[in-house]
Structure formats: C-alpha cells, structure tokens
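See below for the structure under consideration.
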Amino acid sequence: MLRGIKRLNRYEKRLLRIAKLGGKLVKIQQAGFSRRTDEGFRFPIYSLEIGTKEGLEKHPVGITAGVHGLETIGIQILIDFLEYIINPKSTGYLPELKKGKLGLVIIPIVNPGGVAAKTRANPGGVDLMRNSGIDAEKALPFFGGQKFSNKLPYFRGHGLEPESRTLSRTVFEKFFHIENSILPVLDLHSGFGTVDNVWWPYAYTHKPCPDTPLYEKLASHLKDHCGHINFAYGPQSESYTTHGDLWDKFYDHYQDLYSEKQDWESKFLPLTLEVGTWSDIKEEPMKLFSKKGIFRPAEHNKSEVLTRYRGFLRDFVRLGLTKPKDWI
C-alpha cells in the first residue's frame, strides 16, 4: 500500500505542475472520496477544470481515467496529454481553451484506492464498471459482473459506490444542463485485445443506442478526416456485454431527461478508449504472470505508447467545438 500511495503522490505532483503551468486556466479541486479502506483511510478524488468560465459553461469536454486501479496506463496517457495541450510552447497547445471556445472537465484517477492497492476494484472490492445497477440482457458469465462476493473479481456491489457517485455527480453537474452543444466524454481503459477500441453505448444490450447514427458520423470523422485509422469503432456490445456499465447509466439518464423535449438539441456522447495492451505479449510473454502485465504496454514500448494518443485525444477534444447542427 505504501508503494501505491507513493505512486499516487507522483501523479498528484504532476497534476499540480499542470495547474501551475496553466495558471488561471486550471482549477484543481476535490470532487469526492474513495470507499474507506480496511485501515479506515479514504483517498481523495480530484477533478480539474481547464479553460475559461465561458468555455466550461458552453462547450465542456470530459476525460476520465483510472476507473480500474490496475489500468494506470490510461492515467499516464491522460496526464501526458494535459501537459501537451496546456503548455503554450508545445506543438499541441490548444488556444481554444484560453479563448473560451472549449473547456475540459477531467477526473484523472476515479479509483485512487484501487491504484494504491494495485487492484482492479475499489477498496470495497467493487468493480466500478459493473456497479451501475443495470442488468444486461445477456452478459458474459462471471466476467460480465457477479453478485456472489467482493472477494472475487467483477463484483457488482449492492448500490452505487462513493467513486461511482462522484463520477455521476460530476457528469450531471458539468454536462447535463448545457444547451445546444455536442458534449463528448472519453473514459480511458486498457487491457482488452490487441487493437485499440473506441466504444460507445451500449454495453448491456446489442440494441443500438438512440445516437448510433451520430456516433457513426463521429467515428467516420475521426477515422477519415483526422486519420485515426488504427482504431476499431463501434458499440461496446460488439466486443462483449456486461452488467452495470456506468456510462450506460449516465447515457440513459440523459435520454430520459431530454428525449421528449423537442427544443433540446444538445447531445451527451460518452465513449470509451480501450487501449489494446495484448499486442506485445509475444515480445514480452512474462507479462502474463504479472498482476498488471496485461493492462500495460511492455516496458521497452511504454514511452512511445504514452505519446501515441496525443493526436487522437486532441481531435476528440476539438469535437466540442462543433454544434449538433454540424452533424445533421
């Protein structure tokens, strides 16, 4: 646990450097707490808001990472990206943040207790991406979520965990009341497959979500216009189905609120970037015997992986500059 806390401290120091580098454009705050550990400790969950008041209130874009404590490569990719776009001397600097045309809402480590303990689940043994309470129509056995015991992987829990509530509250407060905007949110994960996947809802059913045509247009834009051709785009259910996906819950909540309001044009569009970290198993087969091995790239490839997603994330963020009418 001590090593895990030191790791968290390193991430937090980098976040503080980002806040210092961004000056008045960056606000870092405590958004909530983790589930209490057996020792009685609760880890703080931090959020960052980057941009002007106007940008955050009219064109927010969200990025989250660290939902699963073993998938720290997503946290590192996100921190690297923030350093890339916030530094005025960087080739990736995003001037739209300073001009009030965009705002970023970031939760870089949703599950700090899991990161500290090197566990997929939170300190209560709950897999946060099985925790929303949604029952899948036909989830994968066990892997899709189970209610037997928190001593076993993929435990769904018995209600929303503190980390899930923190994420839910942030999404609701920062995105659900924004008018006439495209509202993209990206959640960073790793460890499934040999290719990178960009998933949209649903995870609990093979039925297409209401915004499937729009998601397909966004995918075509990122692939054909921006050149991000090495990603597999589609609903998560094409890969596998699970109980309890949080983004399914948030997406359906938004649909329930606004689907019957004819004058409501905003679109809340959660996506997941699943970094495929199985591709180098042949080069480094010992990864299979490491607790975190299949969730992170091989050590010789790590630096290149951290910077590989800068362009994709920058183009994803710039989707927030568009309006719903631009995609009709």
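The values are calculated or read from the model by the stated rules, or taken from the named source; none is laboratory data. Given the structure is predicted, the values throughout are model-derived calculations rather than measurements. Cβ sites come from the backbone with ideal geometry, for glycine too, and all protein chains shown count toward neighbours. All accessible areas refer to the heavy atoms of the entire protein, side chains included, with ligands and DNA or RNA removed. Shrake-Rupley method; radii C 1.70, N 1.55, O 1.52, S 1.80 Å.
Points worth noting:
- Selection of segment 145-154 for residues being assigned to a loop (DSSP other than H, G, I, E, B) and touching a Lys or Arg at 6+ places or on another chain (Cβ under 8 Å) yields G145, K147, P153, Y154.
- Being open to solvent by 70 Å² or more (accessible area, probe 1.4 Å), in contact with a strand residue (DSSP E or B) (Cβ under 9 Å, 6 or more places away or on another chain) and over 26 Å from I75 (Cβ atoms) is a property that holds for K147.
Yes/no per residue for (1) among the aromatic types (F, W, Y); (2) under 26 Å from E238 (Cβ atoms); (3) at pLDDT below 95:
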{"site": "K98", "(1), (2), (3)": "no, no, no"}
{"site": "L140", "(1), (2), (3)": "no, yes, yes"}
{"site": "G144", "(1), (2), (3)": "no, yes, no"}
{"site": "F155", "(1), (2), (3)": "yes, yes, no"}
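- Of the criteria (1) under 24 Å from R130 (Cβ atoms); (2) surrounded by fewer than 22 Cβ atoms within 10 Å (Cβ to Cβ); (3) modelled with pLDDT under 95, which one F33 fails: (3)
- Single unsatisfied condition, G157 versus (1) closer than 30 Å to E57 by Cβ; (2) in contact with a Gly (Cβ under 8 Å, 6 or more places away or on another chain); (3) outside any helix (DSSP H, G or I): (1)
- Complete set of residues in segment 116-138 that are at pLDDT 95 or above and small (G, A, S): A121, G124, G125, S132, G133, A136
- Among residues of segment 213-235 that are on the phi > 0 side of the Ramachandran plot, those with a beta-carbon under 7 Å from a residue that is surrounded by 16 or more Cβ atoms within 10 Å (Cβ to Cβ) and not β-branched (V, I, T) at least six positions away or on a different chain give the pairs G234/W199.
- Candidates T64, T91, T72, filtered to the one that is within 18 Å of Y309 (Cα to Cα), open to solvent by 70 Å² or more (accessible area, probe 1.4 Å) and either of a type outside the set (A, V, I, L, M) or modelled with pLDDT under 95 (or both): T91
- For the condition among the small types (G, A, S), open to solvent by less than 30 Å² (accessible area, probe 1.4 Å), modelled with pLDDT under 95 and within 26 Å of V105 (Cα to Cα), G244 does not qualify.
- Hits in segment 59-93 - residues which are out of contact with any Ser or Thr (no Cβ under 8 Å at 6 or more places or on another chain) and among the charged types (D, E, K, R): K89
Yes/no per residue for (1) crowded, with 17+ Cβ neighbours inside 10 Å; (2) not aromatic (F, W, Y):
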| site | (1), (2) |
| --- | --- |
| D127 | yes, yes |
| Y154 | yes, no |
| P201 | yes, yes |
| H221 | no, yes |
| N230 | no, yes |
| Y233 | yes, no |
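- Number of the exception - T205 against (1) part of a loop (DSSP other than H, G, I, E, B); (2) farther than 25 Å from Y154 by Cβ; (3) among the hydroxyl-bearing types (S, T, Y): (2)
- Conditions (1) touching a strand residue (DSSP E or B) at 6+ places or on another chain (Cβ under 7 Å); (2) in a helix (DSSP H, G or I): number failed by K249: (1)
- Residue match in segment 163-176 (condition: within 18 Å of V317 (Cα to Cα) and either part of a loop (DSSP other than H, G, I, E, B) or without any contact (Cβ under 8 Å) to a residue 24 or more places away in the chain (or both)): yes
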